[in-house]
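What follows is a short report on a single structure.
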Amino acid sequence: MAQTGTLLVGLGNPGARYAGNRHNVGFMAVEAIAARHRLPPWRKRFLGAFTDGPVNGGRAYVLLPGTYMNESGNAVAQAMNYFRLTPADVVVFHDELDLAPGKVRVKTGGGAAGNNGIRSIIAHIGAEFRRVRIGIGHPGHKNAVQPWVLGDFSKGEREWLAPLLDAIADNADRLVAGDDSNFMNRVALATGSQDG
């Protein structure tokens, strides 16, 4: 029998060395959701760290792949298959170079846009999963992208990052309920970024 629930996946690289990286903002968002909703302690499962529990009436399965970004699809496919979920039940949180810092957009389907974690997930489960794209801004030059995404958030950036993670955690129930547009609206209102 199929389970009902939503698999929330944060993209990032495991280990203390990467913990503060812009590329790890997906990990940060999902960790904030687990903390806000007082989910049980993380345990090793599905090639990563896993927890699950109720999020305002819905069921959330929460996963931080421990495979490094480029192999994220292995962990996502294992968890999805175990709980007999469909790609539509999967929500992936990741950094987005093409969005202004602090902006959040949710979309279903599409390409990888250069994100190797998204590319790996598409290879394993197809493209029709939901993505929560968290803007980190673009450094301005293609050659600067890798050091930018693998660099830590600056002190100045952390001033918008903390309230943004709070807003994502506060409104995660909307994602679990499948109400993506309301999630985006509430996050934008909470962070004062609803302009465009």
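The values are calculated or read from the model by the stated rules, or taken from the named source; none is laboratory data. All of these numbers come straight from a predicted model, not from anything done at the bench. Virtual Cβ from ideal backbone geometry, glycine too; neighbours counted across all protein chains shown.
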Original post:
Just checking, which of Leu39, Leu99, Leu63 is more than 15 Å from the chain's Cα centre (by Cα) and of a type outside the set (D, E, K, R)?
Top reply: Leu39
Original post:
Ile136 versus (1) exposed (fewer than 14 other Cβ atoms within 10 Å of the Cβ); (2) in contact with a Lys or Arg (Cβ under 6 Å, 6 or more places away or on another chain); (3) of a type in the set (A, V, I, L, M): which is the lone unmet condition?
Top reply: (1)
Original post:
Looking only at residues in segment 38-49 that are of a type in the set (A, V, I, L, M, F, W, C) and over 18 Å from Leu175 (Cα atoms), which one is surrounded by the most Cβ atoms within 10 Å (Cβ to Cβ)?
Top reply: Phe46
Original post:
Since Gly15 meets every condition but one in (1) over 28 Å from Ala177 (Cβ atoms); (2) at pLDDT 95 or above, which condition does it not meet?
Top reply: (2)
Original post:
In segment 30-46, which residues are in contact with a Gly (Cβ under 6 Å, 6 or more places away or on another chain) and closer than 26 Å to Gly151 by Cβ?
Top reply: Val30
**OP:** Take Arg131 and decide whether it is crowded, with 18+ Cβ neighbours inside 10 Å and either in contact with a strand residue (DSSP E or B) (Cβ under 9 Å, 6 or more places away or on another chain) or in contact (Cβ under 8 Å) with a residue 60 or more places away in the chain (or both).
**Re:** yes
Original post:
So which residues in segment 141-159 are under 18 Å from His94 (Cα atoms) and of a type in the set (Asp, Glu), if there are any at all?
Top reply: Asp152, Glu157
Subject >> Complete set of residues in segment 24-37 that are surrounded by 24 or more Cβ atoms within 10 Å (Cβ to Cβ) and either modelled with pLDDT under 95 or of a type in the set (Gly, Ala, Ser) (or both) >> reply: Gly26, Ala29, Ala34
Subject >> Search result, residues across segment 83-132 that are part of a loop (DSSP other than H, G, I, E, B) and either among the polar types (S, T, N, Q) or more than 25 Å from Ala177 (Cβ to Cβ) (or both) >> reply: Thr86, Leu97, Asp98, Ala100, Pro101, Gly111, Ala112, Ala113, Gly114, Asn115
**OP:** Go over the candidates Val104, Val76 one by one and state the one that is surrounded by 24 or more Cβ atoms within 10 Å (Cβ to Cβ) and either at positive phi or in contact with a strand residue (DSSP E or B) (Cβ under 6 Å, 6 or more places away or on another chain) (or both).
**Re:** Val76
Subject >> Matching residues, segment 50-70, being surrounded by fewer than 18 Cβ atoms within 10 Å (Cβ to Cβ) and over 16 Å from Asn13 (Cα atoms) >> reply: Gly53, Pro54, Asn56, Gly57, Gly58, Arg59
**OP:** May I ask you to list pairs of residues, at least six apart or on different chains, whose Cβ atoms are under 9 Å apart, with the first in segment 44-61 being of a type in the set (Asp, Glu) and the second being in a strand (DSSP E or B) and at pLDDT below 95?
**Re:** Asp52/Arg59
Subject >> Sole residue being surrounded by fewer than 19 Cβ atoms within 10 Å (Cβ to Cβ), charged (D, E, K, R) and within 30 Å of Gly57 (Cα to Cα), chosen from Asp152, Asp166 >> reply: Asp166
